[in-house]
Amino acid sequence: MSTFRRLGIAATLTAATATGLPAFAQAIPPVIYTVILPAAGFGSANYTDVVTGGIAAAQKFCAELGNDSYKVDCLAERLGKVADDIPKGTVYDEVRNILKDTSDQLETLARQNRDPSQTRGRAKRPATDTTPEVATSRPLTPVAPQSLPQVNQQASAILSNTETLLLRSASGSESKTQQYSRIAEAIGSSKVLLRSA
């Protein structure tokens, strides 16, 4: 029996005999059923750590790109990945929707300012002893170098708006306010990536 832990408490069930060994009726492999149980109250600090950790990983990945022209679309793609990783139908639906909208806006901004002299391409960081391989899910669009200062300014404004949306959406409960504030702070720290480009 193995246990899969992803977003909080997870339970894994396998068919077993009285001996404790997996039961293989007619050579059918064991069935694994994973259940993710929600935390009590609004979200959980642990899941907020997952979201903010995903945003921090996005920043780090994009900062490692050797060409600043790809950073806005890299951030768009990685924030889209963070949004896609948030399960639907949870208390984090609003966060998922806001992050997805931010991703879409950043992607559109990069495409509208595309540098036709540079190729679109996927970014990839190979695995190390301590980290898995990371790659973008789609080719990234480079921004024209002459447009980069203005595009970075617009991207920074998009991120500021995202912070504001998250903070306004947090009203109603102290726990929600704390969770959304942490996520907004993580988004705000992404602006450093754009200033360095």
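Residues in region 99-117 that are polar (S, T, N, Q) and in a loop (DSSP other than H, G, I, E, B): N113, S117.
Of all the listed residues (A157, A170), the sole one being closer than 20 Å to T52 by Cα and either in contact with a Pro (Cβ under 6 Å, 6 or more places away or on another chain) or modelled with pLDDT under 95 (or both) is A170.
Checking the stated criteria, A123 turns out to be crowded, with 20+ Cβ neighbours inside 10 Å, more than 25 Å from L166 (Cα to Cα) and not β-branched (V, I, T). Among the residues examined, T128 qualifies as assigned by TED's automatic domain parsing to the domain that holds D115 and free of Cβ contacts under 8 Å to residues at least 12 places away in the same chain.
Of everything in region 91-117, what is at pLDDT below 95 and of a type in the set (D, E)? Give them in sequence order. Residues satisfying the conditions are D93, E94. S171 satisfies every condition listed in (1) over 18 Å from R78 (Cα atoms); (2) in a helix (DSSP H, G or I) except (2).
Based on this model, can you work out whether A58 counts as of a type in the set (G, A, S), surrounded by 21 or more Cβ atoms within 10 Å (Cβ to Cβ), in the same structural domain as N152 (by TED's automatic domain parsing) and closer than 19 Å to A186 by Cα? Yes; evaluated as a whole, the condition is true for this residue.
The values are calculated or read from the model by the stated rules, or taken from the named source; none is laboratory data. What you see is a predicted model, and the numbers here were worked out from it, not measured in a lab. Neighbour counts run over all protein chains shown; Cβ positions are idealised from the backbone, glycine included.
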